[in-house]
Amino acid sequence: MAICHEWNTIAHLNDYEGDPEARPFTREELQRFLDYADEQVARAVRARRKGALAAYRDATLFKVIYGWGLRRGEAARLDLADFGRNPQAPAFGRYGTLNVRYGKAKRGQPPRRRNVLSVMDWAVEAVADYVDNVRPRSGCADHPALWVTERGGRIKPSEINARFVAYRQALNLPESLVPHSLRHSYVTHLTEDGVDRRFIQQQVGHECDTSTAVYTHVSDDFMNAALARALAPAFNGLPAAGE
């Protein structure tokens with residue numbers, strides 16, 4: 001006998017984000033991926049190829065997706081003006097916070113906005129260098145977009161996906177790694193680093209903790225350490241075996 005019906009339950013308006021086929025990067029995989037993206041910039045510069053600016057843009061874009069836990073579409077629609085200062089983190093300058101204007105919408109509603117606080121200094125350094133030293137060379141000073149193409153337009157999510165797949169294949173990484181895996185990795189790695197779960201939930205724009213839980217795939221080492229901490233009170237003070 002069914003006890004839950006549409007007239008006596010609350011509608012869940014958020015689409016399910018957990019893709020069972022996707023998974024986060026391990027830290028080693030992530031380092032390889034980002035290092036490879038940087039290597040493509042160096043190769044293009046050495047060869048004096050036309051695509052050096054695009055390679056630098058994409059390398060920085062992947063760092064921003066991971067560094068602020070973004071969805072691919074959110075990253076594609078970022079503007080230069082979306083970064084701002086955080087009085088609590090003056091060392092980050094104008095990159096202390098990121099205003100995400102096109103977050104995932106509830107069904108039938110406009111995109112949800114959220115402010116994401118910057119927490120990774122190396123990601124801040126990467127985007128600051130791109131904005132100050134690389135983007136001006138695109139010749140699109142009047143364009144509001146953070147990521148501009150060689151033709152002077154805004155980058156599309158499909159273009160982000162194409163570059164991601166090319167790098168993944170070059171590194172022979174599993175197909176289960178997709179652009180959204182970078183967002184999964186943000187949640188997982190912050191969790192492993194001991195960051196408060198509620199803070200992470202707000203950073204990625206989840207209303208329910210269960211949505212954040214879908215993103216979390218902590219390593220065996222983390223689980224073993226967590227288990228040891230949980231068991232420590234029970235075993236502290238007990239006599240050693242054989243005593």
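The values are calculated or read from the model by the stated rules, or taken from the named source; none is laboratory data. These numbers were taken from a predicted model, which means no experiment stands behind them. Neighbour counts are summed over all protein chains in view; Cβ atoms, including those assigned to glycine, are modelled from backbone coordinates with ideal geometry. For accessibility, only protein heavy atoms count, side chains too; no ligands or nucleic acids. Shrake-Rupley method; radii C 1.70, N 1.55, O 1.52, S 1.80 Å.
Look through the range 19-65, keep the residues that are of a type in the set (D, E, K, R) and assigned to a loop (DSSP other than H, G, I, E, B), and return whichever of them is most open to solvent (accessible area, probe 1.4 Å). Before you say what the answer is, go through the steps one by one.
Step one: of the range 19-65, the residues of a type in the set (D, E, K, R) are 19, 21, 23, 27-29, 32, 35, 38-39, 43, 46, 48-50, 57-58, 63.
Right, trim to assigned to a loop (DSSP other than H, G, I, E, B) and you get 19, 21, 23, 48-50.
On the way: 19: 73, 21: 134, 23: 68, 48: 215, 49: 129, 50: 188 Å².
Looking at the filtered set, the residue picked out is 48.
May I ask you to verify whether residue 131 is over 17 Å from the mean Cα position of the chain (by Cα) and β-branched (Val, Ile, Thr)?
Judged against the criteria, residue 131 is a match.
Between residues in the range 50-65 that are within 14 Å of residue 182 (Cα to Cα) and residues that are among the acidic types (Asp, Glu), which pairs lie under 7 Å by C-beta distance while being six or more apart or on different chains?
Matching pairs, first to second residue: 59/38.
Restricting attention to the range 44-77, which residues are of a type outside the set (Phe, Trp, Tyr) and touching a Ser or Thr at 6+ places or on another chain (Cβ under 7 Å)?
Initially, the range 44-77 is screened for residues of a type outside the set (Phe, Trp, Tyr), giving 44-55, 57-61, 63-65, 67, 69-77.
53, the sole residue that qualifies.
Per-residue answers, yes or no, for (1) of a type in the set (A, V, I, L, M, F, W, C); (2) assigned to a helix (DSSP H, G or I); (3) closer than 26 Å to residue 27 by Cβ:
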residue	(1), (2), (3)
70	yes, no, yes
75	yes, yes, yes
91	yes, yes, yes
94	no, yes, no
101	no, no, no
